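Quick notes on the structure that follows.
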Amino acid sequence: MPPLNDPAAVEAAVRQAVATTTASDIHTHLFPPSHGRLLLWGVDDLLTYHYLVAELFTFAPRELTTEKFWALPKTAQADLVWEHVFLRHGALSESARGVLTTLSALGLDVAGRDLAGMRRWFAAQKVEEYLARVFRIANIDYAVMTNNPFMAEEAGCWKAKLPKPDCLKTALRIDTLIVNWPAAAKAMRAGGYKTTASPGAAAFAQARRFLAEWVKILQPVYLAASLPPEFAYPSSAVSSKVVDKVVLPTAKEFGLPVAMMMGVRKGVNPALGDGGDGVGESDVTALQHLLQEHPDAKFIVTMLSRVNQQELCVLARKFSHLHVEGCWWFCNNTSIIEEMTRMRLELLGTAFTAQHSDARVLDQAIYKWAHVRTILADVLAEKYRNLFTAGWRPTEDEVRREVRSLLGGAFEEFCKK
Ligand code: RAT
Ligand code: ZN
């Protein structure tokens, strides 16, 4: 393959590669269609996404209380979001624009503002075919789910061995174990494990057996947990002990990376449900100590606070057993994705994963990937322009290789090594 000898050809190759390279979506909240109502999809689920519910209450009149809202059926909740966020206030946020990008990509006429018509269109879709269609439009080969054995409904589906399509991979989610030992112990007891509410060696041994059972059931790509800003390591807190005595030994035994999503302040406003969580600055030295003390474990990390991003990148330059991924949740906004992606490229080259969709609603995979591809193309075009000025002449294949690295290739390499 010949080197690209003029800047316009380089830019065209970059834009083409970003637009057409298949991505792997390494963190979502999707479920197999066989798990029934756990898999959210369609316009009413799109409109009642918790990001949009939180936004609704920034606009809603005082009389609309969260109690009244939650008591409504889903279609009525969706109507309220449509009315207040879209019709009355212009749909300017990232999540609102995302709904419009998604509907347009599906061929629906959003300019017509015909919510009833869109509902009729969705009612005619069959979920299995629709899932394949969404993956095709988003151009993703697979999505990693979030599989929580501490949630009885989810656990029941796995125990019943319901079918799972190959394009959905599993991740064993263990927040409860790390941040709420009494609740985890109770859930494990319900599953027949002799875990006591007070943590100790015997209970930890049972927890390891529990995780081993779930590793066997799920065959996960990684173990995962979201952690509060206060997470400290090492420390005398139970969370630190659980990491040492249960999580890391399990990860090492089965050769699984530990994915940590750091910096979420849970339930800042519980009345908003899933939309009620906030963000706080994490202590990045907790991660540093984990990396220093466990060179034989692998960590995949994203952080929620914008101010943590540079420290995280610097750690990834120091420790090859750390993989940085995604612009998570409150960082999943155009301006912040752009800034983070540029900084990560400058500090790490392409040895990171640019984004995960975090889709809670199947259809969201469409907009989350469409939006990030636009930003990635602009940032990479700039970087390749600078390289051209410096005299470097890449080939089209090399450009494609680096784009794939950012869209899942680097993640797969990291998991293999
Ligand atoms: O982004 C979200 O939807 C959050 O509610 C969380 O699910 C977060 O992504 C997480 O995985 O904890
Ligand atoms: Zn998530």
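The values are calculated or read from the model by the stated rules, or taken from the named source; none is laboratory data. Since the structure is predicted, the reported quantities are computational estimates derived from the model, not experimental observations. Positions of Cβ are generated from backbone atoms using ideal geometry, with glycine treated the same way; all protein chains shown enter the neighbour counts. Heavy atoms of the whole protein, side chains included, go into the accessibility calculation; ligands, DNA and RNA do not. Shrake-Rupley method; radii C 1.70, N 1.55, O 1.52, S 1.80 Å.
Observations, loosely collected:
- Exposure of E154 as accessible area (Å², to 10), given a probe of 1.4 Å and all protein chains: 20
- Under a Gaussian network description of the chain, with springs only between Cα atoms under 10 Å, the residue in N180, N139, N333 that fluctuates furthest is N180.
- When W329, W121 are compared by accessible area of protein heavy atoms, the largest-first order is W121, W329, using a 1.4 Å probe.
- Within the chain, C157, C167, C313, C415 have no other Cys Cβ under 4.7 Å of their Cβ and so lack a disulfide-compatible partner by this rule.
- Residue with peak Gaussian network fluctuation, the chain [Cα springs, cutoff 10 Å], from K383, K126, K74: K126
- Proximal charge balance of C415 [Cβ under 12 Å; K/R count +1, D/E count -1]: +1
- Counting only protein heavy atoms and using a 1.4 Å probe, the accessible area of L218 comes to about 10 Å².
- Per residue, the chain exposes 43 Å² of accessible surface when a 1.4 Å probe is rolled over the protein heavy atoms with every protein chain present.
- Residue ranking by accessible heavy-atom surface, 1.4 Å probe, largest first, among D25, D44, D166, D244 comes out as D166, D244, D44, D25.
- Placing dummy labels 7 Å off each Cα toward the beta-carbon, the span from F59 to L72 is 1.2 nm.
- Restriction of the chymotrypsin sites (Phe, Trp or Tyr not before Pro) in the stretch 366-417 to DSSP coil positions whose beta-carbon has at most 14 other beta-carbons within 10 angstrom yields W392.
- As a fraction of the 1.4 Å probe accessible area of the chain, surface on carbon and sulfur atoms comes out at 55 percent.
- Net +/- balance of residues flanking F388 in space, Cβ distance below 15 Å, scoring K and R +1, D and E -1: -2
- Membrane-span-like helices in the chain (whole DSSP H runs, Cα extent of at least 27 Å along the helix axis, mean Kyte-Doolittle hydropathy of at least -0.5): 364-389.
- Pairs of lysine residues in the stretch 291-417 that meet both criteria, 8 or more places apart or on different chains and Cα atoms under 24 Å apart, total 7.
- Ranking by accessible area, most exposed first, for S93, S226, S320 with a 1.4 Å probe: S320, S93, S226
- For q = 0.08, 0.15 Å⁻¹, Debye-computed log10 I/I(0) when each Cα of the chain counts as one equal scatterer: -0.46, -1.52
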